[in-house]
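Asker: My questions will all concern the structure given below.
The values are calculated or read from the model by the stated rules, or taken from the named source; none is laboratory data. Keep in mind the model is a prediction, meaning the values are calculated, not measured. Don't worry about glycine lacking a Cβ; one is built from the backbone with ideal geometry, like all the others, and counts go over all protein chains shown.
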Amino acid sequence: MCGIIGFAGHSEAAPILLDGLERMEYRGYDSAGIAVRSETKGLQVKKSKGRLQVLSDLTHGGADLEGNLGIGHTRWATHGEPSDVNAHPHVSSNGQIALVHNGIIENYLEIKEHLMKLGVTFKSDTDSEVVAQLLEYHYNECHNMLEAVGRVLRRIEGSYALGIICADYPNALIAARKDAPLLLGYGKGENFIASDVTAILKHTREVSYMDDGEIAVITPDSIDVFDDELVPVTKEHHQVNWDVTAAEKGGYPHFMFKEIMEQPEAIRKTVSPRIKGERVVLDDISMTQEYVKNISRIFIIACGSSYHVGMVSKYNWEKMLRRPVEVVLASEFRYCDPLVDDHTLVIVISQSGETLDTMAAMREAQRRGGRALAIVNVVGSSIARDADDVLYTWAGPEIAVATTKAYSTQLALMDLVGLYLGDLLGTVSDSEYKAILAGIQELPEKMQKVLEKTADIQYFASRYFNHNSIFFIGRNVDYAMGMEGSLKLKEISYIHSEAYASGELKHGTISLIEQGTLVVALGTYAPLFDKAMSNVVEVKARGAEVLALTTDEFREKMEKTADSTISVPSIHPILQPSLGVVPLQLFAYYVALQRGCDIDKPRNLAKSVTVE
Ligand code: F6R
């Protein structure tokens, strides 16, 4: 979603801001803008609807704006349509204050009406402009920028990450945060703010994460942080160990393809440090065995693909833990008056660690006494920091909007955690423990074998890319995997697609099957292979064209009935979806490629959904 970068240093700010915005493009946006301040030219603001290239052309790569202090923004419209005027930065009426904002100001209408009565004229339809105008109002009252920001923050309600520069406040930019990510970057003779670490990785790896209610003053040589009473706060510094090249395409045609290919290595990084002497060791969590033994209920809360990881894990964890596991969409959980108490473990899964619904659901569960264990990729993200325990997936930056390696690493980590808890509870036998652990260790190598078959999947994509509607069917973990395959396909190729539990076909869905309808039939889960086969026969009898996915072990049987068959190596049934999902990701990728879609930035989608 929206991205913020701010710079205070000695170099020209505009090109640095444009570069930072480009690195956040993957988050999704509809307009962009920058504001730069110099002694001679004062505040200069340029913004435009559309791709960043438009803004870059408009400013000749930033050369038209002069100054060493500036802020930049990519906007994802919420209040007010995408347009030049609604793009950020917003400037106050006297042209002295420029501001970028992520989040939503909930009481903006009330403040806007009040300011309008005082004669303030608004240019945009946004909630963000209200903050700029209110800031000018309070600054005129107290003539102290920091104090004015403090007064504004006491009046606005909602969520915000703010970057502010002021013509009267020469060498500093001001930042503030509540319920929207914002970090501070410490360079040499230059400092930064950013909503996403990838924006500033090229310049520094030393960061601190702003907490709710904090205000920061950033100059080229210092960053001072204050709490909401303007009392100084000391921040912990962190080193980001992400590789800059990991956020670049490195010769691959798309980030999505690169990230699909990176999965074996990503899984290795997720699981290897957590397996010692043939045991799962989770040093990074503080849950005691006594706590685990008293868990009466487990919720898995997440959105989108992370929710699909939860769906697979429900099947797997119930087998391993013999405890009820409920998977709930975060947007539903937060408003369903959930039954959570001190014996409830809440697993929160999020790649970005910033998904607003997931964060709100986690807080609701914690408020009711639940203990939150977060599975997160982005280090230092809001969910990671607010959870009772966090396990990082260590997948590195994921840039494509459609998740692949984050999904796979989340799933591998969930299998590992399930095994660990099952061991503590004594619900996994020794032999089963060994078999699952051996399977987890084999995963990267077997996944590599699947990735060697891209040409086959590309062929099937070229055969089926012009279907208007595609159904995924499967049972148990195959059903959960089908949900992910279907989401991947629809989000990047825009083909209508649904996933169904095969057993449900007869209860309604089968009426949609007609001559030539493409059904992707999933039959990788060995214990239910025969049932999967009968469903293939069932849809074939109604005229469906069947593309089947199974294991090498069952390939021959499947080929007798299905029109086309893809197979993956066999592995422990609990881990089979980790291999099965890869051809589905590749299928979606190649179908989207055939259809000429914008694969890394599908329409209407953002990488991290920080609004409700
Ligand atoms: C789909 C996709 C989304 C995310 C969802 C949750 O490819 O990427 O469905 O999985 O928006 O995001 P996180 O995991 O960041 O909370």
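Asker: Got a sec? Which helices (runs of 4 or more DSSP H) wholly within the stretch 467-578 have at least 2 residues that are closer than 20 Å to ARG595 by Cβ and small (Gly, Ala, Ser)?
Answerer: 477-493
Asker: When the residues of the stretch 423-461 are filtered to those that are in a helix (DSSP H, G or I) and basic (Lys, Arg), which remaining residue is surrounded by the most Cβ atoms within 10 Å (Cβ to Cβ)?
Answerer: The selected residue is LYS446.
Asker: Mind listing whichever residues of the stretch 118-146 are farther than 21 Å from SER83 by Cα and in contact (Cβ under 8 Å) with a residue 40 or more places away in the chain?
Answerer: Those that are farther than 21 Å from SER83 by Cα and in contact (Cβ under 8 Å) with a residue 40 or more places away in the chain: LEU135, GLU136, TYR139, LEU146.
Asker: Hey, could you check the stretch 462-505 for residues that are among the basic types (Lys, Arg) and over 24 Å from the mean Cα position of the chain (by Cα) and say which is surrounded by the fewest Cβ atoms within 10 Å (Cβ to Cβ)?
Answerer: Taking the candidates together, the pick is ARG463.
Asker: I'm trying to understand the selection: among the residues of the stretch 553-582, which are under 19 Å from PRO264 (Cα atoms) and not aliphatic (A, V, I, L, M)?
Answerer: Passing the criteria: SER567, PRO569, SER570, HIS572, PRO573, GLN576, PRO577, SER578, GLY580.
Asker: Check whether at least one residue in the stretch 390-399 is over 30 Å from LYS249 (Cα atoms) and surrounded by fewer than 23 Cβ atoms within 10 Å (Cβ to Cβ), and report yes or no.
Answerer: no
Asker: Within 16 Å of the ligand (Cβ to nearest atom), within 28 Å of ALA266 (Cβ to Cβ) and among the hydroxyl-bearing types (Ser, Thr, Tyr), is that true of SER286?
Answerer: Answer is no for this residue.
Asker: Continuing with this model, one more query. Please find, among LEU605, LEU584, the residue that is touching a residue at least 12 places away in the same chain (Cβ under 8 Å) and either away from the ligand (no atom under 16 Å from the Cβ) or surrounded by fewer than 18 Cβ atoms within 10 Å (Cβ to Cβ) (or both).
Answerer: Residue meeting the stated conditions: LEU605.
Asker: Give TYR464, TYR479 a once-over and let me know the one that is more than 16 Å from the ligand (Cβ to nearest atom), in contact with a strand residue (DSSP E or B) (Cβ under 9 Å, 6 or more places away or on another chain), more than 15 Å from VAL591 (Cα to Cα) and aromatic (Phe, Trp, Tyr).
Answerer: TYR479
Asker: Kindly establish whether LEU411 is hydrophobic (A, V, I, L, M, F, W, C), outside any helix (DSSP H, G or I) and outside the structural domain of SER195 (by TED's automatic domain parsing).
Answerer: No, not satisfied.
Asker: While we're looking at this one, here's another question. Looking at the stretch 20-40, which of its residues are surrounded by fewer than 23 Cβ atoms within 10 Å (Cβ to Cβ), over 21 Å from the mean Cα position of the chain (by Cα) and in contact (Cβ under 8 Å) with a residue 40 or more places away in the chain?
Answerer: Scanning the stretch 20-40 gives a single hit, GLU39.
Asker: Another one. Can you find a residue that is touching a residue at least 12 places away in the same chain (Cβ under 8 Å), assigned by TED's automatic domain parsing to the domain that holds SER486 and within 14 Å of the ligand (Cβ to nearest atom) anywhere in the stretch 553-576?
Answerer: Taking every residue of the stretch 553-576 in turn, none turns out to be touching a residue at least 12 places away in the same chain (Cβ under 8 Å), assigned by TED's automatic domain parsing to the domain that holds SER486 and within 14 Å of the ligand (Cβ to nearest atom).
Asker: Continuing with this model, one more query. Considering TYR209, TYR160, which residue is under 23 Å from ASN241 (Cα atoms) and buried (at least 16 other Cβ atoms within 10 Å of the Cβ)?
Answerer: Unique residue meeting the criteria: TYR209.
Asker: Evaluate the following for LEU339: is it out of contact with any Asp or Glu (no Cβ under 7 Å at 6 or more places or on another chain) and either closer than 29 Å to SER431 by Cβ or more than 13 Å from the ligand (Cβ to nearest atom) (or both)?
Answerer: Answer is yes for this residue.
Asker: Anything in the stretch 361-378 that is touching a strand residue (DSSP E or B) at 6+ places or on another chain (Cβ under 6 Å) and either without any contact (Cβ under 8 Å) to a residue 12 or more places away in the chain or not in a helix (DSSP H, G or I) (or both)? List them, or say none.
Answerer: Correct list: GLY370, ARG371, ALA372, LEU373, ALA374, ILE375, VAL376.
Asker: While we're looking at this one, here's another question. Just one of LEU425, LEU411, LEU416 is under 25 Å from the mean Cα position of the chain (by Cα) and more than 16 Å from the ligand (Cβ to nearest atom); which is it?
Answerer: None of the others qualify; the one that does is LEU416.
Listed here are the residues, each with its yes/no results for (1) within 15 Å of the ligand (Cβ to nearest atom); (2) basic (Lys, Arg); (3) more than 24 Å from TYR407 (Cα to Cα); (4) touching a Pro at 6+ places or on another chain (Cβ under 9 Å).
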| position | (1), (2), (3), (4) |
| --- | --- |
| VAL327 | yes, no, no, no |
| SER331 | yes, no, no, no |
| ILE347 | yes, no, no, no |
| GLN351 | yes, no, no, no |
| ASP357 | yes, no, no, no |
| GLU364 | no, no, yes, yes |
| GLY369 | no, no, yes, no |
| ILE375 | yes, no, no, no |
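Asker: A further question on this structure: Go through the stretch 25-49 and give me each residue that's part of a loop (DSSP other than H, G, I, E, B), of a type outside the set (Val, Ile, Thr) and at pLDDT 90 or above.
Answerer: GLU39, LYS41
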